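Student: Let me give you the structure first, and then I'll get to my questions.
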Amino acid sequence: RFSRSKTAVLDAGDGAGWELAAELLRPRPYEAEPGTEATERPSAEEALKHRFFEVDPTELKVEIRAGGGENWMAETAEMLTDMFSLEKRIQRQQENIAKQSTTIQRLKDTGADAKTVAEEEKTLEKMRVGLQGLLRTMSFKEVEARTTMV
């Protein structure tokens, strides 16, 4: 069982996070019980278009944390470690996007065929969507950190 501060992100947007989690965890058609209707899980790209990623992080309810102690310190340290790790992932993704943009420009400058350029541009778009997801996650982590450390 998770504390309220751990699930606040899922509650935001009228339960948008719970809705997405249910979609991602529903049984695959081959795992479904006989006689029940089962649909495919959303792809990663479809999941990133879910309304959960449009939720404003300021909608999260701030809860005053009572008590403290060693457990609270360990949770806080773990949360900060997660945030620093996420920050590094964001920086790497930004660097990879810059490299991919350079690659696309080089391909265009050297007269590469349109199909190759289009494939690289599609990869770039996926990288940008991934970066948006990472930035959104960081935004929620920051709100979680503020609500946990209050």
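Student: If the cut-off is a Cα-Cα distance under 15 Å, which aspartates and glutamates reach K108, setting aside same-chain residues fewer than 8 apart in sequence?
Tutor: E119, E120, E121
Student: Given K49/K88; K49/K99; K49/K122; K49/K126; K99/K122, which pairs have Cα atoms separated by over 18 Å?
Tutor: Details: K49/K88 24 Å; K49/K99 25 Å; K49/K122 16 Å; K49/K126 12 Å; K99/K122 14 Å.
Flagged as over cut-off: K49/K88; K49/K99.
Student: Right, another one. Starting from 0.36 nm per residue, how many nanometres of slack lie between T81 and E45 once their C-alpha separation is accounted for?
Tutor: Values: separation 36, 0.36 × 36 = 12.96 nm, distance 2.72 nm.
Gain in length upon complete extension: 10.2 nm.
Student: Carbon and sulfur atoms: what percent of the 1.4 Å accessible area of the stretch 83-150 do they account for?
Tutor: Values: 2210 of 4390 Å².
Result for the stretch 83-150: 50 percent of the exposed heavy-atom area is carbon or sulfur.
The values are calculated or read from the model by the stated rules, or taken from the named source; none is laboratory data. In this text, all values refer to a predicted model and were calculated from it rather than measured experimentally. What goes into the accessible areas is simple: the full protein's heavy atoms, side chains included, and nothing from ligands, DNA or RNA. Shrake-Rupley method; radii C 1.70, N 1.55, O 1.52, S 1.80 Å.
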